[in-house]
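The values are calculated or read from the model by the stated rules, or taken from the named source; none is laboratory data. Computed from a predicted structure; not experimentally measured. FYI the Cβ positions are ideal-geometry reconstructions off the backbone, even for glycines, and counts take in every protein chain you see. Heavy atoms of the whole protein, side chains included, go into the accessibility calculation; ligands, DNA and RNA do not. Shrake-Rupley method; radii C 1.70, N 1.55, O 1.52, S 1.80 Å.
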Amino acid sequence: MEPEGRGTRLFLVHEGFDPDAPYQVQAHRIMGGGWRSLVGERLVKVLDEG
């Protein structure tokens, strides 16, 4: 987390995938969409409840 303006920026890192392993590249591509849609939505919900 880092301060930004009047708020805080949260950085999430998706790592641990081997770019030379075809199955891991495919899994990373498939799961990457979840970060943009599902994780973001659920994070907002959790933060709003707190």
**Study point:** Cβ-Cβ under 6 Å pairs, at least 6 apart or on other chains, the stretch 3-31 side modelled with pLDDT of 85 or more, far side charged (D, E, K, R)
**Key:** 9/2; 24/18
Review point. Which of the residues belonging to the stretch 1-28 are open to solvent by 100 Å² or more (accessible area, probe 1.4 Å), in a loop (DSSP other than H, G, I, E, B) and either hydroxyl-bearing (Ser, Thr, Tyr) or closer than 23 Å to residue 40 by Cβ (or both)?
Key: 1, 6, 11, 13, 15
Review point. Using beta carbons and a limit of 6 Å, which pairs, at least six apart or on different chains, have the first residue in the stretch 34-50 and touching a residue at least 24 places away in the same chain (Cβ under 8 Å) and the second one open to solvent by 90 Å² or more (accessible area, probe 1.4 Å) and of a type in the set (Phe, Trp, Tyr)?
Key: none
